[in-house]
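This report refers to the structure that appears directly beneath it.
The values are calculated or read from the model by the stated rules, or taken from the named source; none is laboratory data. If you're wondering where the values come from, they're calculated on a predicted model, not measured in any experiment. Glycine also receives a Cβ, built like all others from the backbone with ideal geometry; neighbour counts cover every protein chain displayed. Note: accessible area is taken over every heavy atom of the protein model, side chains too, but ligands, DNA and RNA are not part of it. Shrake-Rupley method; radii C 1.70, N 1.55, O 1.52, S 1.80 Å.
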Amino acid sequence: MRLRDCHNFHDFRRLAQRRLPGPIFDYIDGAADDEVTYRRNTASFERCDLLPSVLRGVETVDMSVTVLGQKLAMPVYCSPTALQRLFHHDGERAVAAAAAKYGTMFGVSSLGTVSIEELRKAHDTPQVYQFYYHRDRGLNRAMMQRAKEAGVEVMMLTVDSITGGNRERDLRTGFSIPFRLTPGGMLQFAIRPMWGINYLTHERFKLPQLDQHVDMSGGAVSIGRYFTEMLDPSMNWDDVAEMVQLWNGQFCLKGIMTVADAKRAVQIGCAGIVLSNHGGRQLDGSRAAFDQLAEIVDAVGDRIDVIMDGGIQRGTHVLKALSLGAKAVGVGRLYLYPLAAAGQAGVERALGLMRAEIERGMKLMGCTAINQLSRENLRFR
């Protein structure tokens with residue numbers, strides 16, 4: 001199987017599974033507990049049907065959107081995800097370059113493996129910086145100031161990760177940074193030697209956003225311990241309101257799932273919210289973001305940009321979310337599998353296929369611009 005044989009999300013997933021050691025593939029692929037929410041995220045789109053209109057003159061299609069003050073050439077952006085250079089040695093460099101090619105936004109995680117400064121200098125497309133709220137309030141302020149000085153346009157605070165989810169696949173393999181592998185996990189690395197060769201022959205793995213705060217030597221914290229030891233479970237709305245004022249720019253909360261929380265985000269001055277259950281990786285049994293989208297848009301959509309992520313695998317999923325009122329959608333695994341399988345070329349192919357699917361879907365729906373999508377285009381079973 002080669003990159004050119006990949007035509008959809010599942011093809012990229014299969015190719016990544018063939019090329020990655022099991023513990024690293026499971027880190028991307030896995031979710032919390034029984035992974036019910038992970039499966040529900042995509043299944044939620046299946047009870048919603050599109051109603052196409054015909055004879056609308058759709059020779060040209062404009063799929064651009066403006067979200068969080070940023071003009072995007074397509075309504076899909078690359079959500080910030082951690083540890084990308086573990087999946088492919090180019091990591092965030094590949095994702096940022098692919099996003100720039102398609103004129104869309106990309107995110108960099110505080111657990112990212114390439115610095116925000118390097119990526120900001122390399123590409124002028126909109127950049128999101130996603131970070132977690134640490135016990136060390138000085139560290140929080142320093143990270144925000146660093147992002148501001150780097151020229152990051154959008155600050156995105158993840159609010160659904162007060163503690164790490166119970167990701168049992170990682171527990172079984174011993175996945176952590178640095179590796180603390182079980183015998184079965186070590187065997188998986190042995191039968192995928194090319195990953196190890198690439199890992200050892202490229203620059204040292206690091207977390208440049210946190211390298212002064214997280215020891216990456218033999219005593220380094222695992223990813224799970226990072227969440228349980230460094231993050232502040234006492235974070236509340238007053239703390240976030242202070243951060244919004246300090247940032248004084250486009251500030252977005254990722255992990256909102258209720259109308260009450262969406263209204264509170266408006267009250268403290270956020271520019272946007274991302275409806276998200278963290279790809280099913282935190283609270284298993286939680287509701288899918290798509291299922292919450294309509295009621296939250298109805299409550300606050302005229303005052304704040306409502307975005308969603310979770311379960312997006314097709315262009316038609318994007319059209320359904322936009323028809324319900326989302327301003328844009330974020331994707332994670334959709335670009336991580338092709339990143340792992342083929343680096344920048346893989347991400348470019350995935351985004352290119354997604355763009356083609358959205359354009360084809362809009363033409364078949366009889367729409368020439370995103371703002372023509374509405375709930376009149378949808379029926380729920």
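Numbers for the structure displayed
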| read-out | value |
| --- | --- |
| Matching residues in region 63-80 - criterion: being in contact with a strand residue (DSSP E or B) (Cβ under 6 Å, 6 or more places away or on another chain) and part of a loop (DSSP other than H, G, I, E, B) | Leu68, Gly69, Pro75, Ser79, Pro80 |
| Hits in region 359-374 - residues which are surrounded by 13 or more Cβ atoms within 10 Å (Cβ to Cβ), under 17 Å from Lys327 (Cα atoms) and not small (Gly, Ala, Ser) | Glu359, Met362, Cys367, Thr368, Ile370, Gln372, Leu373 |
| Residue ID - farthest from Ala31 (Cα to Cα), chosen from residues in region 263-278 that are within 19 Å of the chain's Cα centre (by Cα) and of a type in the set (A, V, I, L, M) | Ala271 |
| Pairs with Cβ under 8 Å, 6+ apart, first in region 178-202 and of a type in the set (A, V, I, L, M), second buried (at least 16 other Cβ atoms within 10 Å of the Cβ) and at pLDDT below 75 | Leu181/Phe189 |
| Residue list for region 279-291, filter: part of a helix (DSSP H, G or I) and either over 12 Å from Met257 (Cβ atoms) or over 18 Å from the mean Cα position of the chain (by Cα) (or both) | Gly279, Gly280, Asp291 |
| Qualifying residue in region 109-117 (condition: under 24 Å from Met243 (Cα atoms) and open to solvent by 20 Å² or more (accessible area, probe 1.4 Å)) | yes |
| Ala99 in contact with a strand residue (DSSP E or B) (Cβ under 7 Å, 6 or more places away or on another chain), closer than 17 Å to Thr125 by Cβ and not in a loop (DSSP other than H, G, I, E, B) | yes |
| Out of Arg169, Arg146, Arg141, Arg93, sole residue that is in a helix (DSSP H, G or I), open to solvent by 40 Å² or more (accessible area, probe 1.4 Å), in contact with an Asp or Glu (Cβ under 6 Å, 6 or more places away or on another chain) and in contact (Cβ under 8 Å) with a residue 24 or more places away in the chain | Arg169 |
| In region 301-319, the residues that are out of contact with any Leu (no Cβ under 9 Å at 6 or more places or on another chain) and buried (at least 22 other Cβ atoms within 10 Å of the Cβ) | Ile304, Gly311, His317, Val318 |
| Close pairs (6 angstrom Cβ cut-off, 6 or more residues apart or separate chains): closer than 17 Å to Ala356 by Cβ and part of a loop (DSSP other than H, G, I, E, B) in region 49-62, open to solvent by less than 70 Å² (accessible area, probe 1.4 Å) and among the hydrophobic types (A, V, I, L, M, F, W, C) anywhere | Val61/Met362 |
| Filter pass, Phe45 being among the aromatic types (Phe, Trp, Tyr) and modelled with pLDDT of 95 or more | yes |
| Selection within region 20-48 - surrounded by fewer than 18 Cβ atoms within 10 Å (Cβ to Cβ), in a helix (DSSP H, G or I) and either in contact (Cβ under 8 Å) with a residue 40 or more places away in the chain or touching a Gly at 6+ places or on another chain (Cβ under 6 Å) (or both) | Val36, Arg39, Ala43, Arg47 |
| Conditions (1) part of a loop (DSSP other than H, G, I, E, B); (2) of a type outside the set (Phe, Trp, Tyr); (3) modelled with pLDDT under 95; (4) open to solvent by 10 Å² or more (accessible area, probe 1.4 Å); number of the one not met by Gly269 | (3) |
| Residue that is nearest to Val36 (Cα to Cα) [pool: residues in region 124-136 that are touching a residue at least 60 places away in the same chain (Cβ under 8 Å) and surrounded by fewer than 19 Cβ atoms within 10 Å (Cβ to Cβ)] | Arg135 |
